[in-house]
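Encoded as structure tokens, the structure appears first; notes follow it.
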Amino acid sequence: MDDAQRVGAVRGQLSRLCNLISLSMVMSDGHDERQIVSLAVSSISSLTSCRPVASLLISTGSVLCAPDGSALDWPELSTRLKELDGADGSVTGTRSPWARAYALRAVGGHAGYLVVGADTAPSEDELFLLQVLAQQTGRALTTAALHQRDGETARELRTLNVKLAEANERLAASVNDLERRREIHEKLTAVAASGAGEAGISEILHQLTGLPVAVEDRFGNLLAWAGPNRPDPYPRPSARRRAEVLADARRSPRPIRDRDRVIAVAQPHNEVLGVLALVDPRRRAAEHDMFALEQGAVVLTMELAHQRSLAETELRLRRDLVDDLLTGTDDRSAVARSQALGHDLQAPHQVVVVRWPGVKSDDVLVRAIGNAVNRVRTFRALLTRRPDGVVLVATREGQDDRRRWDELHRALTTSLRSGSGAIGVGGVCDTVSEFPRSYAEAMRAVRVRLGSSSPSGVTAYEDLGIYRLLSGGQDDHDVKEFVREWLGSLIDYDGTSRSDLVRTLWQYFECGGNYDSTARALHIHRSTLRYRLRRIRELSGHDLGSVDSRLNLHIATRAWQILHGAL
């Protein structure tokens, strides 16, 4: 070979090297492994006298590909490449006299193979170019894999950043929610501890929600209101609708909507003590408002249960004290207990007994008496229930006792819608030890009143007159004997014949011996009255015209009336 040929050969080699360098730069810029291998395969023929036979990429599942990129079914070649295990080596069965596989080496191993063939063995320069091409392709594949991993990492980081941002938003929302709930809980707890009662609870709930707030008892009566537009008068639903709403609210674990309001019930166990309501006609109540309403209902439950417990305890203490006063107790203990209840026993008192036939229950009568005492406001009293009526230990304010008890009777008549009740008033007590005596006197007074021709009204013991002797007491033996002496035959006759002669005689004397008045009072005819009076004369043997007989018979009939026919 002359110099010119050698120069031409060197120039050709340099040109191919330049092309290979350019190809390496192009492959290094690529991020797709198949594209990189395709560039390498397509450049084999231009760089050398060889031709591409096949290619294999481990990252795509080690599938053999033809030069055009299609899948190639060549089991012998696949087996040979597995045997090489990352090394360069010759291959057979390619229909080319010369064929060789070049490993595409990458960091940590190899990325695949380029299989080339030729009709004759390539020159050393061509072999060098093939070796360099394989190396550059391997590096490009490594770079592409790194770029791909970087991209995947970046995508994962972006995904994680998005998730982290979402988690941060949720965490911030949770923190804000917990902070808001903590604030609601602290404010409601503070108002519960302050003793502000229903008014304080409604006011703080109004501040927390911005909505008007109503506190009602179980019947729908308004206990407290906070906010604008308070209804006047306050509307009350029907008893049936109220019961239906409360039943729905008790079944629900959360507040319920009732028309333009959201309500929660205060119920310590199975009994509803009250209702807490947000007035929300525009449906503005959000989740935090609902939480505040729930917590407010819990605080209201504790408040109403506490009030009930205090009321029951005070009532029990008052009853125990009154019972002890009526049966007898020491002054010092009674005064100390009364002071704890806010009542001054050292002032003059009177015992009052109230009986009201026809009232459904003692509880109704006790409530009516308590309300009546508050309306009259001329005395203070301790109350208790006893088998013989409701008993008051009342202060004696001034001297006009009669007017005070008449006002109490009128107030009870209005409240109970019945005027059939009787009130008996005992004498004045200056010391605690005198209460049993005043109680006995009040009992006598109310018995006389109920046994009189006008059983409704007020009777004081000091006004009884002769009835003090007739009204019985601890020992009424003499009174009974006196009644038996003068009326025994009439009482026996009435018992066997179911007649009414004793009552007729009593009414006759009460009417002053007037036939017409007596007949009207007994709702009988005048002739019937004459017949009864004749039978009375015959059976008793007494002359109704005799002054002494009339006096004794009149007294006996009054005593009989007071004793209610117990003989």
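What follows is calculated from the coordinates using simple rules that are stated; it is not laboratory data. Worth saying up front: this structure is predicted, and the values here are computed from it rather than measured. FYI the Cβ positions are ideal-geometry reconstructions off the backbone, even for glycines, and counts take in every protein chain you see.
What the table below lists for this structure:
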read-out: Residues MET443, MET302 arranged by fewest to most Cβ contacts within 10 Å; value: MET302, MET443
read-out: Rounded to whole Hz, the Karplus (6.51, -1.76, 1.60) HN-Hα couplings of the stretch 406-416, x for glycine and proline; value: 5, 4, 5, 5, 5, 5, 5, 4, 5, 5, 8
read-out: Sequence of HIS185, HIS349, HIS525 once ranked by neighbouring C-beta atoms within 10 Å, starting from the fewest; value: HIS525, HIS185, HIS349
read-out: Inter-label distance, nm, simple model (7 Å from Cα along the C-beta direction), ILE491/ASP73; value: 13.2
read-out: Inter-part distance where the stretch 147-177 and the stretch 56-125 are each reduced to a Cα centre, Å; value: 44
read-out: Degrees separating the helix 3-29 axis from the principal Cα axis of the chain, which is the longest one; value: 0
read-out: Two-decimal ratio, the stretch 243-289, of alpha-carbon radius of gyration to 2.2 N^0.38 Å; value: 1.13
read-out: Equivalent-ellipsoid semi-axes of the stretch 35-111, from the Cα gyration tensor, Å, largest first; value: 17, 16, 13
read-out: Protection proxy ranking of 529-537, 208-216 - average other beta-carbon atoms within 10 Å, highest first; value: 208-216, 529-537
read-out: Pairwise FRET efficiency - ARG282 versus ALA154, Cβ, R0 = 45 Å, nearest 0.05; value: 0.35
read-out: Extension gain from ARG236 to HIS185, taking 0.36 nm per residue of separation minus the Cα-Cα distance; value: 15.3 nm
read-out: Helix 435-451 vs. the chain, principal-axis angle (Cα, 0 to 90°, nearest 10); value: 70
read-out: Distance between modelled label sites at ARG34 and ASP548, nm, 7 Å Cα→Cβ extension; value: 14.6
read-out: Convex hull volume per residue in cubic angstrom - Cα atoms of the stretch 195-308; value: 97
read-out: Förster radius 51 Å - calculated FRET efficiency between SER527 and ASN371 (Cβ-Cβ, nearest 0.05); value: 0.55
read-out: J(HN,Hα) series, the stretch 109-119, from Karplus relation 6.51 cos²θ - 1.76 cosθ + 1.60, nearest Hz, glycine and proline x; value: x, 10, 9, x, 9, 10, 10, 10, x, 7, 6
read-out: Per residue convex hull volume, Cα atoms of the stretch 328-464, in Å³; value: 101
read-out: Theoretical gain in end-to-end length, ALA173 to SER46 [0.36 nm per residue, Cα-Cα removed]; value: 39.2 nm
read-out: Among 322-329, 98-105, 282-289, the order from most to least packed when residues are scored by Cβ within 10 Å on average; value: 98-105, 322-329, 282-289
read-out: Cα pair distances exceeding 36 angstrom across the chain, given as percent; value: 67
read-out: Angle between the chain longest axis and helix 477-497 axis [Cα atoms, degrees, rounded to 10]; value: 80
read-out: FRET E, pair ASP463, ARG316, Förster distance 56 Å, beta-carbon r, rounded to 0.05; value: 0.95
read-out: Local electrostatic count, ASN552, Cβ distance below 12 Å [Lys/Arg +1, Asp/Glu -1]; value: -1
read-out: Order of TYR461, TYR515 - criterion: other Cβ atoms within 10 Å of each residue's Cβ, fewest first; value: TYR515, TYR461
read-out: ALA111 long-range amide H proximity, modeled H, under 5 Å; value: LEU104, ARG105, ALA106
